[in-house]
Structure formats: C-alpha cells, structure tokens
Amino acid sequence: MRIVFAGTPEFAVPSLRALAADPDHELVGVITRADAPIGRKRVLTPSPVAQLADELGVPTLKTNRLDDAATQWVADRAPDLGVIVAYGGLVREPLLTLPRLGWVNLHFSELPRWRGAAPVQRALEAGEQRLGMTVFRLEAELDAGDVLTMAHHEFAPGTSAGEALTLLADAGTKPLRDAVRLLAQDSEAGDAQEGEVTFAAKLTREDGRLDLAQPAAAVLAHWAGVTPEPGAYVMLDEQPVKLHEVRSPQAKLAQPVSVTEPLGTVTAHQGAVLLHLSDGPLELVRVQPAGKPAMVAADWLRGRGGRVVLS
C-alpha cells in the first residue's frame, strides 16, 4: 500500500519511522510544517519529522497549509492511504478523500474522550492516569471518525505531559501499524465511536498558572498537564516563577510538616523544599525565577532567605 504521512513534532517521529520500516507498505511522501525559528538566535530549523524524512530519503513537502498546491502534491504520488500524526493543520476536501482509503489519524486519547488539540495535557490536568491511543478514520467533524484500533497506558500521578507523550508516541506505533494492516485487508473496517464526548482545547500561557487554593493532588495534576508547555508557574512579588519539576514528597518525613503554614508558603524541611497546600505539601525540585535560568529549588530558596509565600 502506498502511504503519505503528515506530521511535525518529535512525538510524530516514531510513527513515521515505524511506517517507513514496514516492508508491506511504501512511504511515498511526507508532509510537515515549514522550518521554524528555534532558540535564542532564532535559527530556521526543520521539524523533527522533516529531519527523519530527509534521513530516509522520502520526498517531503514543507507547508503550513494543506491548500490546492499540497493537494496536487499528494495527488501526484497516488497514495492509497494518508496517515496523520500531529501535523498541526486541518485536512479538508478535496484532500480528505483523495487517497483511495482516505486518511487515518493517531490521536492520544480513548475517543470520543478528549477530542481536540491537547488530549494528553487536558486528561492529566483533570487528574486522569489512564491515557489512550486511538487510530481512527479522519472526517470533516473534529476527531469523530470510525475507530480502527485503540490502546491505553497507565501513568503514575505527577507524570508530566512531556513524559507521557514520549511514551505514548512509541507505544502508539503498534495500534497505528495494526490499523494500516487492517485497512489493507478490509477497506470498510472501522466502528463508530461510543461514549461521552469531551473536548481538549489548546493550552494558553494562562492555563499554566497553578491555583494554590486547590488540594495537593489537584495542583500536581495541573502541573503535570501543563509541563513542559505552556509551562507551570506561580507568582512571587508580582513576578512569575516557573515550576519545572514538582513531585509528591519522595519519602515519609521523619518529622511531620507543619499544617499551620499559610497556603503557598515554601520552606525547607529535612532537605526538601516544600510548597505548603491545604491538605499537605508538594516538593519543589527545579524552579525558574523571572529573568533567570532554571535552578535547583533549594538554591533558589536559600537565596530568598529560606522562606517565601507564592500565590
């Protein structure tokens, strides 16, 4: 089967690599977003998918819009199937039905739960530890097509979205390969989605601000959902402090933590930097004050006199 692949970020790379390695199918083209400025010097850099496509020697189209030119580029390759994994743009007609078997999408949730742009992030933010992977037929309605294959993975509380996506990106190659093989055997394969529909809106910077009035488990879940992007932060003296690494205290403390500390107070206790919340503390491991590089939380707190109150 002739396959065109569309994807952009690092977590689309395992899927591209898996399809390219499958001897039963031919990867005839890759579509990815245009080179983007990266780093402080804003150097134009190919996407991770573009870099792998170049290594594989696969013809590549770099575009931020799947317009008429992109549609013609795909048509010239006469694909049987299109596969999309986090490309970053919508597939519309006539491109949507151009491949003989249409398009399939690897989506990181158990559809119809968490349709939309940020399924892993929103699921973790909501306190969920069971995260899914669904390969479904792409159609005009957002993430609503028939399901071909589905799998899931359980994560420990406090697993960040970045960590979860890295694991799911690798684990998702199996349901993706299985879905492609299923379509090769049965062009009509797929079952309608069943269950409650929920949506995962794209994250904004404001989503990263933690609410320290919430219980510790809720604050940790919120932190997990917005890490590493857009990034979790709190306020200190009207300036943001990014929280790069947060966790539940690693071991049972030999002495109890005071429960009389005001919400948001940060103190040192038995070598750990603790953020005091309504029902117990969280441990701060790495932080980044405004205008400074990320640093060990203990060093930051020491430089602030050993005690601060965040909001």
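Kindly give the semi-axes, whole Å and largest first, of the ellipsoid equivalent to the range 168-215, taking each as the square root of 5 times a Cα gyration tensor eigenvalue.
They are 37, 15, 10 Å, listed from largest to smallest.
Would you mind computing the Rg to Rh ratio of the range 21-156 from its alpha-carbon coordinates, Kirkwood style for Rh? All intermediate terms of the calculation are to be shown ahead of the outcome.
Numbers: Rg = 16.3 Å, Rh = 16.5 Å.
Looking at the range 21-156, the ratio lands at 0.99.
Binning at 5 Å from 0, report for the range 205-309 what percent of all alpha-carbon pair distances ends up in each bin.
Calculated over all Cα pairs of the range 205-309, the distribution is 2, 13, 25, 28, 21, 9, 2, 0 percent.
What does the extension gain come out to for Asp35 and Ala144, with contour length at 0.36 nm per residue minus their alpha carbon separation? Please report the intermediate quantities before stating the final value.
Numbers: separation 109, 0.36 × 109 = 39.24 nm, distance 3.01 nm.
So the extension gain works out to 36.2 nm.
Take the Cα pairs of the range 1-57, get the Kirkwood Rh, then feed it into Stokes-Einstein at 20 °C and 1.002 mPa s and tell me D in µm²/s.
180 µm²/s
Considering only DSSP states other than H, G, I, E and B, which trypsin sites (Lys or Arg not before Pro) in the range 168-219 qualify as loop sites with at most 11 other Cβ atoms within 10 Å?
Details: sites: Arg177, Arg181, Lys202, Arg205, Arg209; in loops: Lys202.
Listed in order of number, the matching sites are Lys202.
What does the extension gain come out to for Arg92 and Asp67, with contour length at 0.36 nm per residue minus their alpha carbon separation? Please report the intermediate quantities before stating the final value.
Numbers: separation 25, 0.36 × 25 = 9.00 nm, distance 0.86 nm.
That works out to 8.1 nm of additional length.
Order of 71-80, 271-280 by packing, highest average Cβ count within 10 Å first?
Final packing ranking: 271-280, 71-80.
Looking only at the range 66-99, which residues have a backbone nitrogen under 19 Å from a spot 7 Å from the Cα of Gln185 in the C-beta direction?
The answer is 81, whose backbone nitrogens lie closer than 19 Å to the label point.
More than 22 Å apart: what percent of Cα pairs in the range 1-96 qualify? Don't skip to the answer; put the middle values down first.
Working: 1074 of 4560 pairs.
Beyond 22 Å sits 24 percent of the P(r) for the range 1-96.
Pop a pseudo-label 7 angstrom from the Cα along the beta-carbon direction at both Arg2 and Gln51 and give the gap in nm to one decimal.
It is 3.1 nm.
Over all directions, how big on average is the projection of the convex hull of the alpha-carbon atoms in the range 134-241, in square nanometres? Present the calculation step by step, with values, prior to reporting the outcome.
Values: hull surface 35.2 nm².
Result: a mean projected hull area of 8.8 nm².
In the chain, which longest range has no GluC sites (Glu not before Pro) that are both DSSP loop (not H, G, I, E or B) and surrounded by at most 11 other Cβ atoms within 10 Å? Please report the intermediate quantities before stating the final value.
Numbers: sites that count: Glu141, Glu188, Glu194, Glu196, Glu238.
Maximal segment without exposed cleavage sites: 1-140.
Between Leu44 and Asp279, what is the label-to-label distance in nm when each label sits 7 Å out along the Cα-to-Cβ direction?
About 5.3 nm, to one decimal.
Let me test this: with uniform point scatterers at the alpha carbons of the range 78-178, what is the Debye-based log₁₀ I(q)/I(0) at q = 0.13, 0.25 1/Å?
Here the Debye-derived log intensity ratios amount to -0.45, -1.38.
No value in this document is a laboratory result; all are computed from the given coordinates. Remember, it's a predicted structure, so these values are computed and weren't measured experimentally. With ideal geometry, Cβ positions are generated from the backbone for all residues, glycine too; neighbour counts draw on all protein chains shown.
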